[in-house]
Amino acid sequence: MNSSLNFEKPVIELESKIGDLENFASVSGVNLENEINILRKKLDNIKNDAYSNLTPWQRVKIARLQERPTSLEYIEKIIYGFIEFHGDRLYADDHAIVGGIGTLKGTPVTVIGHQKGKNTNDNIKRNFGMPHPEGYRKALRLMKQAEKFKRPVIMFVDTPGAYCGLEAEERGQGEAIALNLFEMSRLKTPIIVIVIGEGGSGGALALGIGDRVCMLENSIYSVISPEGLSSILWKDASLAEEAAGIMRLTAQDLFEFNVIDKVIKEPLGGAHKDVDSTSSKIKQYLIKELPGLMDLDIDTLIQNRYEKLRGMGTWG
Amino acid sequence: MIKEILRKKKYGTINVNKTENGRIIPYPKYTKKEKEEKDREVENDLWIRCKGCDETLLKEDIIKTSYVCNRCDYHFRMGARDRINLILDVDSFMEYDVEMKTIDPLDFPGYNNKINKAKEKTGESEAVITGEGRINGLAVVICVMNADFMMGSMGSVVGEKITRAIEKAIEKKRPVIIFSASGGARMQEGILSLMQMGKTAAALSRLSNEGLLYISVLTDPTTGGVTASFATLGDIILAEPKALIGFAGPRVIEQTIRQKLPEGFQRSEFLKERGFVDRIVHRKNLKNMLYKILYIHSLGGEKNE
Ligand SMILES: [Zn+2]
């Protein structure tokens, strides 16, 4: 697997050793059950050591893994009968953002998310999950559609950031993001946001205003990338690991800052190790939170959303 | 006159050097780095070099023209207090939230020190001044960002002061004018800075729901998280000539696309061509333009109801 990270090496080595022994045992007929059980115990310990106290930088690495499940993978497992819709009706269809409709436990929902690629070709098509303005405008179109038909909106956030290119600027990247913040803050239907991978600055926030905002345990969310911060601070992008250590970008950090409502646990090693169980945790969260939000009258819903945003920040 | 002599020279960094016999000699040509150092020397003195026409100008003179070059109309960056004096009627300004203090939520290395230096440099407590006042008699709520204070970056205090100002405008049913000048969200406050974008945008959506006017004035530079929040949400968006306006900074874009950006890219005139700015307004006409817009809105539009 090319998803192995440095700190995972001992785990992977031991896993393959156990595999070899099992093979040998079945081929040769020698009983190695005791030996294998001892090694399995050891593996559990090593895994706990490796995964339970991940540094911020290790989480950054996990959040960015190509194997990490993307929006469409979660949608497939969580949303029944998903139909994808395309285009912003103004300029183009941006493949870095996907959206459409389906049902969640019988309730019609609109689902929108950043979409990264699963391989190089796919990533070129998806622009590595970095949207242009038309992506944000497509998202807004689908949100307004959800408002009209009184469907709640489920948002998946997973982007390194809004694309920093010439055409993105020409077509108003800043305005597109700003307008989403403006409209999402007063959208007359519930919005639940789940950060599933990278929450890259304004490009993430443009899909990130909601009545509930939660993050997967190993996802990250920050105002600037660790590489960006380290090149500003120390003129050296290779010190990103140090930068990640000071910028407080983990799910737990954001929970402590009251920026998010919940951290959703991932399987040991990361969401990609067990996509089914991660999907089912997300689904449980949605099913638990949505009915309460849908029962609120719209004015209260929007008032609560405003107060949530209103409480962001700290001063003396 | 000394100024006349200087203007004839080609050098951008001419300074006045008197030899012992009283002759005035210009500086020799410098390398770029030396030139920048000399610029700083010049600018610390009575003189300032115009980035538009390369002339060396008397500071005293450009202050009289509200920091606009009287040769080429280059608009120098302007401090927030000067801006307030330029736009509002004399003695009409009442400042909000003077006491609000910046804190360091991340224990970010060197942040407190940076804040203190910015305070010393600008004499202000943060990167925005907010309050209310009058423009030719018409009452407005006004927020003016200060690019000299940590690049006009938006942290919690900037976001909170702007949000409170907007809420005050809703309460008093007044129009809001925000002068943007910012490098973007303030990295030293991490995610909390990012969230100020959502907070200010939400306050503006409330203002809009109330049918109240918001005029955004973009000044040099308006980039990053400020562009991607309140700066581009104006009912009417004005810009000063040749201001840098964009989401990503030009250097970041050049690194991403690995090519030089065309001349004038991300300047006010470019944004207007692309449809993101209503009007470009020369600083000397700004107060009057704001007044005219405010006046028309003050007449109301409910005849048919
Ligand atoms: Zn000039």
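The values are calculated or read from the model by the stated rules, or taken from the named source; none is laboratory data. Values in this document were obtained by computation on a predicted structure and should not be read as measured data. Please note: Cβ atoms are built from the backbone with ideal geometry, for glycine as well, and neighbour counts cover all protein chains shown. The accessibility values were calculated without ligands, DNA or RNA, using every heavy atom of the protein model including side chains. Shrake-Rupley method; radii C 1.70, N 1.55, O 1.52, S 1.80 Å.
Kindly provide the set of residues from region A:29-66 that are closer than 30 Å to A:Asn123 by Cα and part of a helix (DSSP H, G or I), ordered by number.
Looking only at region A:29-66, we keep the residues that are closer than 30 Å to A:Asn123 by Cα, and these are A:50-51, A:54-66.
Selection gives A:Ala50, A:Tyr51, A:Pro56, A:Trp57, A:Gln58, A:Arg59, A:Val60, A:Lys61, A:Ile62, A:Ala63.
Just a yes or no: is a residue in region B:150-166 charged (D, E, K, R) and within 7 Å of chain A (Cβ to nearest Cβ)? Before the answer, list the steps.
Start the filter on region B:150-166 by keeping residues that are charged (D, E, K, R), which leaves B:160-161, B:164.
Pick out the ones that are also within 7 Å of chain A (Cβ to nearest Cβ) and you get B:160.
Yes.
Is there any pair with a first residue in region B:44-58 that is under 13 Å from B:Asn70 (Cβ atoms) and a second that is near the ligand (Cβ under 10 Å from one of its atoms) and open to solvent by 40 Å² or more (accessible area, probe 1.4 Å) whose Cβ atoms are under 6 Å apart and which are 6 or more apart or on different chains, and what are they?
Close Cβ pairs satisfying both conditions: B:Cys50/B:Tyr74; B:Gly52/B:Cys72; B:Gly52/B:Tyr74; B:Cys53/B:Arg71; B:Cys53/B:Cys72; B:Glu55/B:Arg71.
Quick check on region A:105-124: of everything there that is surrounded by fewer than 18 Cβ atoms within 10 Å (Cβ to Cβ) and under 19 Å from the mean Cα position of the chain (by Cα), which residue is nearest to A:Lys283 (Cα to Cα)?
By that ranking, first place goes to A:Lys118.
When residues of region A:30-87 are filtered for being outside the structural domain of A:Gly197 (by TED's automatic domain parsing), open to solvent by 60 Å² or more (accessible area, probe 1.4 Å) and among the aliphatic types (A, V, I, L, M), how many remain?
Matching residues across region A:30-87 total 2.
Only one of (1) within 30 Å of A:Met312 (Cβ to Cβ); (2) modelled with pLDDT of 95 or more fails for B:Pro109. Which number is that?
Failed condition: (2).
Return yes or no: is A:Gly208 touching a Phe, Trp or Tyr at 6+ places or on another chain (Cβ under 9 Å), of a type outside the set (Lys, Arg) and either free of Cβ contacts under 8 Å to residues at least 24 places away in the same chain or open to solvent by 40 Å² or more (accessible area, probe 1.4 Å) (or both)? Break it down into steps so the answer makes sense when it comes.
Details: touching a Phe, Trp or Tyr at 6+ places or on another chain (Cβ under 9 Å): yes; of a type outside the set (Lys, Arg): yes; either free of Cβ contacts under 8 Å to residues at least 24 places away in the same chain or open to solvent by 40 Å² or more (accessible area, probe 1.4 Å) (or both): no.
The answer is no for A:Gly208.
Looking at (1) surrounded by fewer than 24 Cβ atoms within 10 Å (Cβ to Cβ); (2) over 19 Å from the mean Cα position of the chain (by Cα), find the lone condition where B:Ala201 falls short.
Status for B:Ala201: all satisfied but (1).
May I ask you to list the residues in region A:173-191 that are within 9 Å of chain B (Cβ to nearest Cβ) and either surrounded by fewer than 24 Cβ atoms within 10 Å (Cβ to Cβ) or in contact with a Ser or Thr (Cβ under 7 Å, 6 or more places away or on another chain) (or both)?
Going residue by residue through region A:173-191, those that are within 9 Å of chain B (Cβ to nearest Cβ) are A:173-186.
Once the filter is applied, which keeps residues that are within 9 Å of chain B (Cβ to nearest Cβ) and either surrounded by fewer than 24 Cβ atoms within 10 Å (Cβ to Cβ) or in contact with a Ser or Thr (Cβ under 7 Å, 6 or more places away or on another chain) (or both), region A:173-191 yields A:Gly174, A:Glu175, A:Ala178, A:Leu179, A:Leu181, A:Phe182, A:Glu183, A:Ser185, A:Arg186.
For region A:125-152, give me each residue that is in contact with a Phe, Trp or Tyr (Cβ under 9 Å, 6 or more places away or on another chain) and open to solvent by 10 Å² or more (accessible area, probe 1.4 Å). Steps first, please.
Quick first cut of region A:125-152, residues in contact with a Phe, Trp or Tyr (Cβ under 9 Å, 6 or more places away or on another chain) only: A:127-128, A:130-135, A:137-138, A:141-142, A:145.
If the condition is that a residue be in contact with a Phe, Trp or Tyr (Cβ under 9 Å, 6 or more places away or on another chain) and open to solvent by 10 Å² or more (accessible area, probe 1.4 Å), then A:Asn127, A:Phe128, A:Met130, A:His132, A:Glu134, A:Arg137, A:Arg141, A:Gln145 are the ones that fit.
Quickly run through region A:259-297 and pick out the residues that are among the β-branched types (Val, Ile, Thr), out of contact with any Leu (no Cβ under 6 Å at 6 or more places or on another chain) and under 21 Å from A:Leu54 (Cβ atoms).
Here is the first cut: in region A:259-297, the residues among the β-branched types (Val, Ile, Thr) are A:259-260, A:263-264, A:275, A:278, A:282, A:287.
Filter once more, keeping what is out of contact with any Leu (no Cβ under 6 Å at 6 or more places or on another chain): A:259, A:263, A:275, A:278, A:282, A:287.
A:Val259, A:Val263, A:Val275, A:Thr278, A:Ile282, listed by residue number.
If you scan region A:292-315, which residues turn out to be in a loop (DSSP other than H, G, I, E, B) and more than 11 Å from B:Glu160 (Cα to Cα)? Explain how you work it out, then say what you get.
Looking only at region A:292-315, we keep the residues that are in a loop (DSSP other than H, G, I, E, B), and these are A:296-297, A:311-314.
Scanning region A:292-315 gives A:Leu296, A:Asp297.
Restricting attention to region B:161-170, does a residue exist that is of a type outside the set (A, V, I, L, M), within 19 Å of A:Leu181 (Cα to Cα) and in contact (Cβ under 8 Å) with a residue 60 or more places away in the chain? Talk me through it step by step, then tell me what you get.
Start the filter on region B:161-170 by keeping residues that are of a type outside the set (A, V, I, L, M), which leaves B:161, B:163-164, B:167-168.
Filter once more, keeping what is within 19 Å of A:Leu181 (Cα to Cα): B:161, B:163-164, B:167.
Going one step further and asking which of them are in contact (Cβ under 8 Å) with a residue 60 or more places away in the chain, we end up with B:161, B:164.
Yes, region B:161-170 contains a residue that is of a type outside the set (A, V, I, L, M), within 19 Å of A:Leu181 (Cα to Cα) and in contact (Cβ under 8 Å) with a residue 60 or more places away in the chain.
Which of the residues that make up region A:280-316 are among the polar types (S, T, N, Q) and within 13 Å of chain B (Cβ to nearest Cβ)? Explain how you work it out, then say what you get.
Let us first name the residues in region A:280-316 that are among the polar types (S, T, N, Q), namely A:280, A:284, A:300, A:303-304, A:314.
Scanning region A:280-316 gives A:Gln303, A:Asn304, A:Thr314.
Of all residues in region A:219-250 being in a loop (DSSP other than H, G, I, E, B) and within 11 Å of chain B (Cβ to nearest Cβ), which is surrounded by the most Cβ atoms within 10 Å (Cβ to Cβ)?
Our first condition is that a residue be in a loop (DSSP other than H, G, I, E, B); within region A:219-250, this holds for A:219, A:223-225, A:235-236, A:247-249.
If we keep only those that are within 11 Å of chain B (Cβ to nearest Cβ) as well, we get A:223-225, A:247-249.
Details: A:Val223: 32, A:Ile224: 25, A:Ser225: 22, A:Met247: 25, A:Arg248: 23, A:Leu249: 28.
Applying the filter and picking the extreme gives A:Val223.
From (1) free of Cβ contacts under 8 Å to residues at least 60 places away in the same chain; (2) open to solvent by 10 Å² or more (accessible area, probe 1.4 Å); (3) in contact with a strand residue (DSSP E or B) (Cβ under 9 Å, 6 or more places away or on another chain), pick out the condition that doesn't hold for A:Gly202.
(2)
Just to be sure before I move on: is B:Ser66 more than 14 Å from every other protein chain (Cβ to nearest Cβ) and closer than 17 Å to B:Thr219 by Cα in the structure I sent?
Values: more than 14 Å from every other protein chain (Cβ to nearest Cβ): yes; closer than 17 Å to B:Thr219 by Cα: yes.
When the stated conditions are applied, B:Ser66 passes them.
May I ask you to list the residues in region B:169-189 that are over 27 Å from A:Trp234 (Cα atoms), within 14 Å of chain A (Cβ to nearest Cβ) and open to solvent by 10 Å² or more (accessible area, probe 1.4 Å)?
Selection gives B:Ile170 alone.
Is it the case that some residue within region B:266-279 is away from chain A (no Cβ under 14 Å), in a loop (DSSP other than H, G, I, E, B), open to solvent by 40 Å² or more (accessible area, probe 1.4 Å) and not aromatic (Phe, Trp, Tyr)? Give the derivation first.
Filtering region B:266-279 for residues away from chain A (no Cβ under 14 Å) gives B:279.
Narrowing the set further to residues that are in a loop (DSSP other than H, G, I, E, B) leaves none.
Scanning region B:266-279 turns up no residue that is away from chain A (no Cβ under 14 Å), in a loop (DSSP other than H, G, I, E, B), open to solvent by 40 Å² or more (accessible area, probe 1.4 Å) and not aromatic (Phe, Trp, Tyr).
State all residues of region B:53-79 that are polar (S, T, N, Q) and either away from the ligand (no atom under 13 Å from the Cβ) or within 15 Å of B:Leu286 (Cα to Cα) (or both); if no residue qualifies, say none.
B:Thr65, B:Ser66
All but one of (1) more than 21 Å from the chain's Cα centre (by Cα); (2) at pLDDT 95 or above; (3) open to solvent by 80 Å² or more (accessible area, probe 1.4 Å) hold for B:Arg258; state the number of the condition that does not hold.
B:Arg258 satisfies every listed condition except (2).
Being part of a helix (DSSP H, G or I), of a type outside the set (Val, Ile, Thr), surrounded by fewer than 24 Cβ atoms within 10 Å (Cβ to Cβ) and within 12 Å of chain A (Cβ to nearest Cβ), is that true of even one residue in region B:115-127? Give the steps one after another, and end with the answer.
Of all residues in region B:115-127, those part of a helix (DSSP H, G or I) come to B:115-122.
Now drop any that are not of a type outside the set (Val, Ile, Thr), which leaves B:116-121.
In the following step, the residues that additionally are surrounded by fewer than 24 Cβ atoms within 10 Å (Cβ to Cβ) were identified as B:116-121.
This time we only want the ones that are within 12 Å of chain A (Cβ to nearest Cβ), so: none.
No - not one qualifying residue is present in region B:115-127.
What pairs come up if the first residue lies in region A:138-149 and is within 11 Å of A:Asn180 (Cα to Cα), the second is part of a helix (DSSP H, G or I) and at pLDDT 95 or above, and their beta carbons are under 7 Å apart, counting only those six or more places apart or on different chains?
A:Ala139/A:Asn180; A:Leu140/A:Leu179; A:Leu140/A:Asn180; A:Leu140/A:Glu183; A:Met143/A:Glu183; A:Met143/A:Met184
For region A:1-14, which residues satisfy the criterion of being open to solvent by 80 Å² or more (accessible area, probe 1.4 Å) and either assigned to a loop (DSSP other than H, G, I, E, B) or not basic (Lys, Arg) (or both)? Lay out the reasoning, then the answer.
Within region A:1-14, the subset open to solvent by 80 Å² or more (accessible area, probe 1.4 Å) is A:1-2, A:6, A:9, A:13.
Answer for region A:1-14, where residues must be open to solvent by 80 Å² or more (accessible area, probe 1.4 Å) and either assigned to a loop (DSSP other than H, G, I, E, B) or not basic (Lys, Arg) (or both): A:Met1, A:Asn2, A:Asn6, A:Glu13.
Looking at region B:228-256, I want the residues that are within 20 Å of B:Leu204 (Cα to Cα) and more than 9 Å from chain A (Cβ to nearest Cβ) and have a partner that is outside any strand (DSSP E or B) and of a type in the set (Gly, Ala, Ser) with Cβ atoms under 6 Å, at least 6 apart or on another chain. Which pairs are those?
From region B:228-256, the pairs are B:Ala239/B:Ser268.
Among the residues of region A:251-286, write down those that are assigned to a loop (DSSP other than H, G, I, E, B), modelled with pLDDT of 95 or more and open to solvent by 70 Å² or more (accessible area, probe 1.4 Å).
If the condition is that a residue be assigned to a loop (DSSP other than H, G, I, E, B), modelled with pLDDT of 95 or more and open to solvent by 70 Å² or more (accessible area, probe 1.4 Å), then A:Asn258, A:Lys265 are the ones that fit.
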